[in-house]
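Novice: Quick one: the structure is below, and I'll ask about it shortly.
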Amino acid sequence: MYERTPRTTPNRDRGRTSYARAAAHAILDEAYHCHLGFTVDGEPRVLPTLHVRVGETLYLHGSPGSRPLLAARGDAGLPVCVAVTLLDGLVYARAQRHHSVNYRSVIAHGIAHLVTAEPEKRAALTALIEKFGAGRTADSRPPSGKELAGTAVLALPLREVSVKARTGG
């Protein structure tokens with residue numbers, strides 16, 4: 001179980017919230033993309049990006065010139081919030097107000113750091129390619145040094161994590 005914190009405690013529908021690692025990992029592993037929220041120069045930003053979970057670290061794919069990657073270069077890292085949602089179905093009701101969706105979602109908070117060690121970066125990118133298609137790394141050329149330099153990876157340790165889901169009619 002992940003520890004419940006003020007940032008991972010919802011204000012409403014608390015019965016839909018879980019802190020189970022297995023549930024969070026299942027959603028993170030099934031989903032291909034996420035939304036990365038961060039602040040740069042006092043301005044909020046949200047970027048869609050690709051992710052892969054390796055153990056208790058979430059790796060986020062990006063461009064070395066993008067705002068979050070530039071902001072994460074310092075030793076302090078970059079405070080972020082990552083949202084992953086799987087939409088499982090539309091829920092229709094007699095009243096418009098009661099229409100809804102069935103979903104499973106993960107929210108993770110923490111400090112993301114730019115991955116600078118080449119072995120970790122290669123391992124994260126390999127894991128991302130394998131997520132897209134098992135065995136794909138064996139059937140494709142690994143990134144050249146120039147391609148590796150043109151790709152950035154953020155690492156977010158999974159510590160403040162919550163799961164929220166809705167099922168049923």
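Novice: Out of (1) open to solvent by less than 80 Å² (accessible area, probe 1.4 Å); (2) under 27 Å from residue 21 (Cβ atoms); (3) part of a helix (DSSP H, G or I); (4) not hydroxyl-bearing (Ser, Thr, Tyr), the odd one out for residue 161 is which?
Specialist: (3)
Novice: Restricting the first residue to the stretch 150-169 and requiring it to be closer than 18 Å to residue 78 by Cα, which pairs with a second residue that is of a type in the set (Phe, Trp, Tyr) and part of a loop (DSSP other than H, G, I, E, B) meet a Cβ separation below 9 Å and a spacing of at least six or different chains?
Specialist: Listed pairs, sorted by first residue: 158/2; 159/2; 160/2; 161/2; 161/19.
Yes/no matrix, rows are residues, columns are (1) out of contact with any strand residue (DSSP E or B) (no Cβ under 6 Å at 6 or more places or on another chain); (2) among the basic types (Lys, Arg); (3) not in a helix (DSSP H, G or I):
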| position | (1), (2), (3) |
| --- | --- |
| 70 | yes, no, no |
| 94 | yes, yes, yes |
| 97 | yes, yes, no |
| 113 | no, no, yes |
| 131 | no, yes, no |
| 147 | yes, no, no |
| 156 | no, no, yes |
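Novice: Might you let me know whether the stretch 84-100 holds any residue that is surrounded by fewer than 16 Cβ atoms within 10 Å (Cβ to Cβ) and closer than 17 Å to residue 157 by Cα?
Specialist: no
Yes/no matrix, rows are residues, columns are (1) open to solvent by less than 40 Å² (accessible area, probe 1.4 Å); (2) over 19 Å from the mean Cα position of the chain (by Cα); (3) hydrophobic (A, V, I, L, M, F, W, C):
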| position | (1), (2), (3) |
| --- | --- |
| 111 | no, no, yes |
| 130 | no, no, no |
| 138 | no, yes, yes |
| 146 | no, yes, no |
| 151 | yes, no, no |
| 155 | yes, no, yes |
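Novice: If you don't mind, another one. Collect the residues in the stretch 52-80 that are under 25 Å from residue 6 (Cβ atoms) and touching a residue at least 60 places away in the same chain (Cβ under 8 Å), keeping them in residue-number order.
Specialist: 53, 56, 57, 58, 60, 68, 72, 78, 80
Novice: Within the stretch 1-22, track down each residue that is surrounded by 12 or more Cβ atoms within 10 Å (Cβ to Cβ) and in a loop (DSSP other than H, G, I, E, B).
Specialist: Scanning the stretch 1-22 gives 2, 4, 5, 10, 19, 20.
The values are calculated or read from the model by the stated rules, or taken from the named source; none is laboratory data. What you see is a predicted model, and the numbers here were worked out from it, not measured in a lab. Note: ideal-geometry Cβ built from the backbone for every residue, glycine included; neighbour counts use all protein chains shown. Side chains are part of the model used for accessible areas, which takes the heavy atoms of the whole protein and leaves out ligands, DNA and RNA. Shrake-Rupley method; radii C 1.70, N 1.55, O 1.52, S 1.80 Å.
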